[in-house]
Each structure stands twice: as structure tokens, then as C-alpha cells.
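No value in this document is a laboratory result; all are computed from the given coordinates. It should be emphasised that the depicted structure is a prediction, and the values quoted were computed from it without experimental measurement.
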């Protein structure tokens, strides 16, 4: 039986995805607000589609911030492919986050209330699905992404709460 070894390549590939999507995911906390993406509309179950916390400005700011981070990665890595990867990963992360919000509304969980697992990983799953269209992350990269994201996400949220950027610590 072969042991699982995480390589430097796995770590680098994970970082190429995770740095833009973490920035993408955090941008709406700083720059969001305003008009909700669902425009206040309800799904046929009479529950909001996404809720007030998912805004047009937050979505666009996440995409812009992810793109800027991707541009920096591309310049530092001397590869336009990293910029493309960051844009696709950022868009996937935002759509994954919307998917998580949609699922939470269907389950009757109010916006801003926690759903462990979904809150920490929906954006990562969205990014991986989007990125896999151009480059499937290695198994080692997936392990890194899924193991590191929940604690980092919780720490970042707690930090944002302590700084007064969020009203909840999750």
C-alpha cells in the first residue's frame, strides 16, 4: 500500500487556488452591502432565494479582488494562466457561496446563521468545480484545500468579528 505524500507541487497548486478564493470570499465582508442579488425575491417555497447578505456589490467586489490577486500571482509566477485560473476560481467560489446560501434558505436557516461545513467549504467546492474545467487539482491539493480551509475560515471570521467587520464570529 502506497502512503499518501503531499508534495511541494500539491502545496503550490493549492495556494494558486486558495489565495485568490480566500480573498474573493473575504471581499464582500469589506466591500459588500447594498442591493441583494435576489432583489428580495422568493423561491417557489416562499423563502428568499439567497437573502440580504448576498449582494451585487459583494459579488462584484469578490470578483474584482480575486482578479487583482490573480494578476499579482500571474506577474510573480510569470504566467497569464495563473490570472485565468484565479478569475475562474474566484467566480466558482462566489457561485459556490451562493449555492450554500440557497441551500441554507431551503433548510430554513436565516441569513447570517451558521451551517457548519457548508459555511466553510461551499466556496472551495465551487472553486474546485470551476477550476476542474481547465485543470483538475491533484488529490494532494484537494486534501490541503479541504483540511486547511475550515480552521482558517473560522479564524478569519473570528478576526473579522473582533475587528467589528462582522456581527457574528462564524
- Using Cα atoms only, what is the angle between the long axis of helix 8-31 and the major principal axis of the chain, expressed in degrees (0 to 90) to the nearest 10? 20
- Task: Binning at 5 Å from 0, report for the chain what percent of all alpha-carbon pair distances ends up in each bin.
- Result: 2, 9, 16, 21, 20, 14, 9, 5, 2, 1, 0
- Contour minus Cα-Cα distance for residue 143 and residue 57 (0.36 nm per residue): 27.8 nm
- Message: Restricting to Cα pairs below 8 Å that are 6+ residues apart, what does the relative contact order work out to for the chain? Please round to a whole percent.
- Response: 24
- Principal-axis tilt of helix 139-162 within the chain, Cα atoms, nearest 10 degrees: 40
- Task: On a C-alpha basis, how far is the centre of the stretch 83-150 from the centre of the stretch 43-78 in Å? Whole number, if you could?
- Result: 12
